[in-house]
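The values are calculated or read from the model by the stated rules, or taken from the named source; none is laboratory data. This is a predicted model, so every value here is computed, not measured. When we count neighbours, we look across all protein chains shown, and the Cβ atoms used for this are built from the backbone with ideal geometry, even at glycine. The protein model used for the area step is the full one, side chains on, heavy atoms only, and it has no ligands, DNA or RNA in it. Shrake-Rupley method; radii C 1.70, N 1.55, O 1.52, S 1.80 Å.
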Amino acid sequence: TKGDQKCPIKTINILKAHGKSTRESNLVKGYALNCTVGSQLMPKCIKNPKIACIDFSLQKSKMKMGIQVVVDDPEKLEAVRQREADITKEKIEMILNAGANVILTTGGIDDMCLKYFVDAGAMAVRRCKKEDLKRIARATGAAFVASLSNLEGEESFESAFLGSAEEVVQERICDDELILIKGTKAKPSASIILRGANDIYVDEMDRSVHDSLCAVKRVIESKSVVPGGGCVEAALSIYLENFATSLGSREQLAIAEFAQAMLVIPRTLVVNAAKDSTELVAKLRAFHNASQTIEAKRQFKWIGLDLENGKCRDNREAGVLEPEMSKIKSLKFATEAAITILRIDDMIKIYQPSKEDPNSYANAVKAGRL
């Protein structure tokens, strides 16, 4: 349907941990939370859980600032305190009675409230990130509940707010204890744990992994790929040069210049690899010219650059591929940008009047002070 993503890469959670080698980064099946259960008396593994995602604290209720309670009888003071404790207890019982046995909250859970979860045999996790909790809600089919209030002004918690998965377990991965939500029902999920020496190194790894995931997403969404390494640009350049010679008007010059501009990509690739750009680009053009003019050499249309060895090769066999969608969009955007610049007829610049220093050497000579 419109608006749905085919490859929601946000369902892949990326966690960063210091220490060990980069090669010890690993993929974990399930959504990983960098949290632990609220109490050691809680179960560490629950099969077929019912997951509640809430966005408020489960702590002893306190009266707001500025509210005063005047008590005539000292014995009623204890009743006020007991009612404060019962308000939170009623909220917890409401969530547990709906069938929830895994409770994830962005707020805190105090020791008194943890006791109710321990008695019920439920798993409660506090101080989760709101971003993580929203992703878990989408993956498990749960509702992200910000308040228990309903339209009638009363508090309620329905079983429809709960999400489901195959298993929720606390495991030790690398050096940390993590909560893993495996087999989410609504959408599949996975987590990548990156290891590195320091924050800067791990952050750079995070950006590289994100770029790789976006490239894979583009390939799946476009459903077609083209050979990389300057292959497409060289083939287009040769084709447009031949097409330009078939025109007998001034359009021939524009198309020929466009064909020359296409060679900027392979030439830049070669320069970045510290190779001879003139020789390699000339060889690449010769291969593609042969593929378009000689029937027996059609297979040369897959030839691209091998920048490691400084030669041309079949990039389809080598597995150097690019998403077709990205290639087409980049060509369109570059062409539109060039057209926009060419449409500019006049450019007006306003220069600020320069303030001359009266004590400068030239002015001092003119004034006769030197």
Options Glu257, Glu221: the member that is acidic (Asp, Glu), in contact (Cβ under 8 Å) with a residue 40 or more places away in the chain and within 23 Å of Lys332 (Cα to Cα): Glu221
State which residue pairs qualify: first residue closer than 13 Å to Leu236 by Cβ and inside segment 325-336, second residue basic (Lys, Arg) and open to solvent by 50 Å² or more (accessible area, probe 1.4 Å) in any location, beta carbons under 8 Å apart, and separation of 6 or more residues or different chains. none
Matching entry among Ala160, Ala139, Ala120 (being open to solvent by 30 Å² or more (accessible area, probe 1.4 Å) and touching a helix residue (DSSP H, G or I) at 6+ places or on another chain (Cβ under 7 Å)): Ala120
Residues of segment 287-297 satisfying the condition of being open to solvent by less than 60 Å² (accessible area, probe 1.4 Å) and of a type in the set (A, V, I, L, M, F, W, C): Ala290
Spot the failing condition for Asn97; the list is (1) modelled with pLDDT of 90 or more; (2) touching a strand residue (DSSP E or B) at 6+ places or on another chain (Cβ under 9 Å); (3) open to solvent by 60 Å² or more (accessible area, probe 1.4 Å), and only one is missed. (2)
Do you know which of the residues in segment 14-38 that are touching a helix residue (DSSP H, G or I) at 6+ places or on another chain (Cβ under 7 Å) and closer than 22 Å to Gly163 by Cβ is surrounded by the fewest Cβ atoms within 10 Å (Cβ to Cβ)? Ile14
Failed condition for Thr106, given (1) surrounded by fewer than 12 Cβ atoms within 10 Å (Cβ to Cβ); (2) touching an Asp or Glu at 6+ places or on another chain (Cβ under 6 Å); (3) not charged (D, E, K, R): (1)
Suppose the filter is at pLDDT below 90 and either in contact with a strand residue (DSSP E or B) (Cβ under 9 Å, 6 or more places away or on another chain) or open to solvent by 30 Å² or more (accessible area, probe 1.4 Å) (or both); does Glu167 pass it? no
Could you tell me how many of the residues in segment 68-90 are assigned to a loop (DSSP other than H, G, I, E, B) and among the polar types (S, T, N, Q)? 1
Return the residue satisfying two criteria in turn: it lies in segment 98-133 and is assigned to a helix (DSSP H, G or I) and touching a residue at least 40 places away in the same chain (Cβ under 8 Å), and of such residues it is nearest to Cys53 (Cα to Cα). Leu133
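Residue-by-condition table, conditions (1) of a type in the set (Phe, Trp, Tyr); (2) over 17 Å from Pro266 (Cα atoms):
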{"residue": "Ala290", "(1), (2)": "no, yes"}
{"residue": "Ala296", "(1), (2)": "no, yes"}
{"residue": "Phe300", "(1), (2)": "yes, no"}
{"residue": "Cys312", "(1), (2)": "no, no"}
{"residue": "Asn315", "(1), (2)": "no, no"}
{"residue": "Lys327", "(1), (2)": "no, no"}
{"residue": "Leu331", "(1), (2)": "no, no"}
{"residue": "Arg343", "(1), (2)": "no, yes"}
Out of (1) closer than 18 Å to Asn13 by Cα; (2) of a type in the set (Val, Ile, Thr); (3) without any contact (Cβ under 8 Å) to a residue 12 or more places away in the chain, the one Ile192 does not meet is (3)
Within segment 40-67, how many residues turn out to be loosely packed, with under 15 Cβ neighbours inside 10 Å, in a loop (DSSP other than H, G, I, E, B) and under 33 Å from the mean Cα position of the chain (by Cα)? 3
